[in-house]
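Working notes, beginning with the structure itself.
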Amino acid sequence: MRARQAGTGGAAKKLVIKPLRAPSLPADFELATWHKLQAAVRAVHEKRPVESSLEELYRAVEDLCTHKMAAATYARLEHECEQHTERALRQLASASSSDPSAFLARVHGAWLDHCQQSLMIRSIFLVLDRTYPLQTAGVRSLWDMGLQHFRHHLLALPDVLVKTVGGVLLHVQRERQGEVIERSLLANLVRMFNALQVYAERFEGPLLEDTAAFYAAEATRLLDACAVGDYLRHVDTRLGDEAGRVHAYLHASTRKPLLAAVHAALLTPHAEALLERGFDALVEEARHADLRLMYSLYSHVGKLRLLKEAWAAHVKRVGSALVLDVEGEAGLIPRLLELKRACEELHVRAFERAEPFGYALREALEAVVNARANRPAELLAKFFDAQLRANAKGGGEEDVEHVLDAGISLFRYLSGKDLFEAFYKKDLAKRLLLGRSAHVDAEKLLVSKLKAECGAGFTNKLEGMFKDCELSAELTAAFHAAAPPLGLSDIELSTHVLTTGFWPPYPPIELNLPPQLCALQERFTAFYLGKHSGRRLTWVHALGHCVVRAQFAARAHELQLSTAQTVVCLLFNDAQQRALSLREIATGCGLEDKELRLTLQSLACGKVRVLVKEPRGREVDDGDAFSFHDGLQHKLHRIRVNTIQLRETAEEAEQTELKVCVDRQYQIDAAIVRTMKARKALSHTLLLTELYEQLKFPLTPVDLKKRIESLIDREYLERDPRAPSSYRYLA
Amino acid sequence: MKRVKGVFARKSPGPSTPKFAEQLWDKYKDPKNAESIGPEGVEAFCADIGLEPSDVHILVLAWRLDASRMGYFTHVEWTNGFAKLSASSLPELKAWLERTYQETLHGAKAMHSGADAFRNFYAFAHRYCRDDNKRNLDCETACAMMSMMVSPLYPKHVEQFTAYLMKMNRQHGINQDEWMCFWELCRSVKDDCSNYADDGAWPILLDEYVEFVQQQAKGK
């Protein structure tokens, strides 16, 4: 209010300020306003156009709120809405419709109506909705209030809810059976369940039960009907379908339990049966995709252990069959390598390189390699020998290294490494001494690999052998440089000086060297001892070989002979074309009888016949006579006469094996005594545990018991009289 | 050994006189070798005391005298041994031997240290019966000794074990350890070997014996 200044001539007016008077409301204001609103609400509910303008209604609500009539208005509105909801739902219940789809559509319609109407009402009562529930505790917003009543009345009519849920489940079932359904309808109904908070308790449970029952039935139906691979793929498809279903119309929280139900019905109870029925075939046919699927499915149901065991068992079975196949043992190592390669590929491609699977594979391969005692070690040594031999077919250096690496990977699993060493050493000696090694580099590479696997102690002797060869080459050169010509210059001597202990033992051969060779040998001995005094040289004739020039009727040849063969042949120089009897030859060369017969057989009965035997035949008999075969014809200038190597046979292998076994006994004895000396007293079980830790070759408890008993007998140990299964060390 | 002797020494009425020992020694000593009683002497002694040479009581005597060689007693063994036993005549000696044997046998059934005497006696038998310079007792003697010593206590085990050895036709005899373990087995394992605890420490011979018994039981 503003005081106005009077005109210049007028009398001054008094300024009066009156108190503000609130306009009085008409007495029926509240009721009249409500009636107007009620009419509008009913119009909305009955889907009629609202008579008053929305603006007017909005203002009316605002007025009511301004005049503190919010509570009463809310109560009236609530009553109005509740009645309508109840009516609407009753209508649903009474409408008997046999077709579930139609029923669902009606439910859906009712729900949509409810939502639309609630929204409309809320818009009208916006001021009320924005003020009253916010300021008053325990009063819900209009939307929630509507939902609350809908839920309440729906629950009061169990038929409707059950029918609705049943209808939805029926649709789901139909979809699973391959029908096309109206997904949006289901999506809306599920949204309704969710909004009404009945999803978890009224819908999800039955859904999961249904799912379990459906898939359990499917599992029994399909399990016998289709192959394992197909079944797994089917399971995978089903899982994909269900995930899609969740995405399309179910609530996200259902995803986990739903997939779990599928797993539990289709996979968990059949995991073992599936493995039993089809795993071997899958592996044998190398169906990596199927196996990968299997791996991922089994990992979801926590059955990887079963899969792992099945795989290990498969590898063991297949591998052991290979190892135990005595007939085909020649090709064992390549076959084992192939098996290992296949397994590793499977491990990478199907089993995601999982660590436990890797362990299982290693364990299985170890069991396979050791499924048969001793023989695999020998075969592996032979395998390396074949690779390193000069006449081995093979590609470049990289290939050789690749193959050696593969062999080493098997060697790693071998428990009888000492046996391997014995056989390997024998072959290596042969390669080195007879010059049959393909590449020294490859030889050294392998030794370095063995060293990396087993430590320097293991390869000490092997390295010593290489060293001997190198020193011998130098020595031979030095000998030639120092040798004064003694009329023997036409004989060229090459020697290998072998350190005892590094090399395999060779049986000594008795023979009478011809004087020329004797002189040469003596000179070398003198030369060697002059360089290294105090050493002892023993000549190993079993390994010696000579190149001898021989004049046959047709042409001259060079013959490559063993020392024994040479000695025999040289006898015929003095014989003057005469035939020599077996006895004469025996006294001439001084060879032991069995050895002599073998030598003569190689000279007279082999492919290249330097001697002629009379009478002819494959065996050498006492009365036979031999003469020089003057008419020998051969296209090569230098001829190799093969020796007959009886010793390179089962007998020899057996001896090597026997030697290793005896060595092992000493090792066991030493380990027992060492342990008992340290511990003084120990129970049988503990002693065995200690021994298994210390001893690195395959052992059975009986092997150990035998040694323990032997030590008791020899009074290194005694049984503890107070505790019969304990031993005491006897100092 | 010492402890056991002590037990019996207390029970005996009094040590035998050295004179009695000397009398016997003079009577039975080997005329060709003054230092020992030989097989003939032992045979004569057995005849005089009224026992078979293979009687268990003679073994008891050998044990008590700590004889080192079957069929022989040295002078030292004879005099030292007689000093510890109580007898001054042959009938008294026989009675003493019978009593000692009964007491040993009786003790053997006890599970506590009372069995030590029999254990000693049993261990002695292996030492006493095996051939000179051999570690093993040949199977035939072993079976005979077992049936004499162990049969009164564990007849079934002895019978089965003998059968087993016959079947195996074992060549290299029984060593001391196996011999002693058999005794332990008799004491702790039932006749049918059903409670044989294969804790691994039994000698292989006994493992195999048990397997044999169990196989036979199965066969029936």
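The values are calculated or read from the model by the stated rules, or taken from the named source; none is laboratory data. Everything quoted here is computed from the prediction, not taken from an experiment. We place every Cβ from the backbone using ideal geometry, glycine too, and count neighbours over all the protein chains shown.
Tabulated values for the structure
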quantity: In the range B:55-86, the residues that are buried (at least 18 other Cβ atoms within 10 Å of the Cβ), under 17 Å from B:E43 (Cα atoms) and among the small types (G, A, S); calculated: B:A62, B:A67
quantity: Given (1) in the same structural domain as A:D427 (by TED's automatic domain parsing); (2) in a helix (DSSP H, G or I), number of the condition A:V323 does not satisfy; calculated: (1)
quantity: Residue satisfying condition, being over 27 Å from A:I712 (Cα atoms) and within 12 Å of the chain's Cα centre (by Cα), within set B:T104, B:T79; calculated: B:T104
quantity: Criterion (farther than 18 Å from A:E657 by Cβ and at pLDDT 85 or above) met by exactly one of A:A377, A:A321; calculated: A:A321
quantity: Filtered residue count, the range A:170-191, keeping only those that are acidic (D, E) and closer than 15 Å to A:E242 by Cβ; calculated: 1
quantity: Tally of residues being of a type in the set (D, E) and in contact (Cβ under 8 Å) with a residue 12 or more places away in the chain across the range A:685-730; calculated: 5
quantity: Only one of A:P334, A:P269 that is modelled with pLDDT under 90 and more than 29 Å from A:P206 (Cα to Cα); calculated: A:P334
quantity: Which numbered condition A:L730 fails, given (1) more than 8 Å from every other protein chain (Cβ to nearest Cβ); (2) within 26 Å of A:A422 (Cα to Cα); calculated: (2)
quantity: The range B:188-209, subset of a type in the set (A, V, I, L, M, F, W, C) and at the interface with chain A (Cβ under 10 Å from one of its Cβ atoms), residue surrounded by the fewest Cβ atoms within 10 Å (Cβ to Cβ); calculated: B:A197
quantity: Of all residues in the range A:348-394 being over 13 Å from A:L332 (Cβ atoms) and basic (K, R), the one that is surrounded by the most Cβ atoms within 10 Å (Cβ to Cβ); calculated: A:R389
quantity: When residues of the range A:201-234 are limited to those that are under 30 Å from A:L155 (Cβ atoms) and small (G, A, S), the one surrounded by the most Cβ atoms within 10 Å (Cβ to Cβ); calculated: A:A212
quantity: Filter result for the condition that a residue is within 57 Å of the chain's Cα centre (by Cα) and within 30 Å of A:D280 (Cβ to Cβ), over A:E175, A:E209, A:E218, A:E204; calculated: A:E218
quantity: Lone qualifier among A:A550, A:A556, A:A519, A:A478 - being under 28 Å from A:D624 (Cβ atoms) and surrounded by 12 or more Cβ atoms within 10 Å (Cβ to Cβ); calculated: A:A550
quantity: Matching entry among A:L632, A:L711, A:L686 (being surrounded by 18 or more Cβ atoms within 10 Å (Cβ to Cβ) and within 12 Å of another protein chain (Cβ to nearest Cβ)); calculated: A:L711
quantity: Residues of the range A:689-708 classified as out of contact with any helix residue (DSSP H, G or I) (no Cβ under 8 Å at 6 or more places or on another chain) and away from chain B (no Cβ under 14 Å), total; calculated: 2
quantity: Enumerated helices (runs of 4 or more DSSP H) restricted to the range A:240-313, each holding at least 2 residues that are small (G, A, S) and farther than 22 Å from A:P356 by Cβ; calculated: A:255-266
quantity: Residue ID - surrounded by the fewest Cβ atoms within 10 Å (Cβ to Cβ), chosen from residues in the range A:714-726 that are facing chain B (nearest Cβ under 8 Å) and not charged (D, E, K, R); calculated: A:S725
quantity: A:L434, sole failed condition from (1) in contact (Cβ under 8 Å) with a residue 60 or more places away in the chain; (2) surrounded by fewer than 15 Cβ atoms within 10 Å (Cβ to Cβ); (3) in contact with an Asp or Glu (Cβ under 9 Å, 6 or more places away or on another chain); calculated: (3)
quantity: Residues (among the hydrophobic types (A, V, I, L, M, F, W, C), within 26 Å of B:N195 (Cβ to Cβ) and away from chain A (no Cβ under 14 Å)) located in the range B:146-181; calculated: B:M146, B:M149, B:V150, B:L153, B:V158, B:F161, B:A163, B:L165, B:M166, B:M168
quantity: Pick from the range A:201-212, criterion in contact (Cβ under 8 Å) with a residue 12 or more places away in the chain and not basic (K, R), ranking: nearest to A:T85 (Cα to Cα); calculated: A:F203
quantity: Members of the range A:116-130 found to be part of a helix (DSSP H, G or I) and buried (at least 17 other Cβ atoms within 10 Å of the Cβ), listed by number; calculated: A:Q117, A:S118, A:M120, A:I121, A:R122, A:I124, A:V127, A:L128, A:D129
quantity: A:T237 vs. criteria among the β-branched types (V, I, T) and loosely packed, with under 15 Cβ neighbours inside 10 Å; calculated: yes
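Residue-wise test of (1) in the same structural domain as A:L432 (by TED's automatic domain parsing); (2) at negative phi; (3) modelled with pLDDT under 85.
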| residue | (1), (2), (3) |
| --- | --- |
| A:E463 | yes, yes, no |
| A:G501 | no, no, yes |
| A:E510 | no, yes, yes |
| A:L513 | no, yes, yes |
| A:T525 | no, yes, no |
| A:Y528 | no, yes, no |
| A:S533 | no, yes, yes |
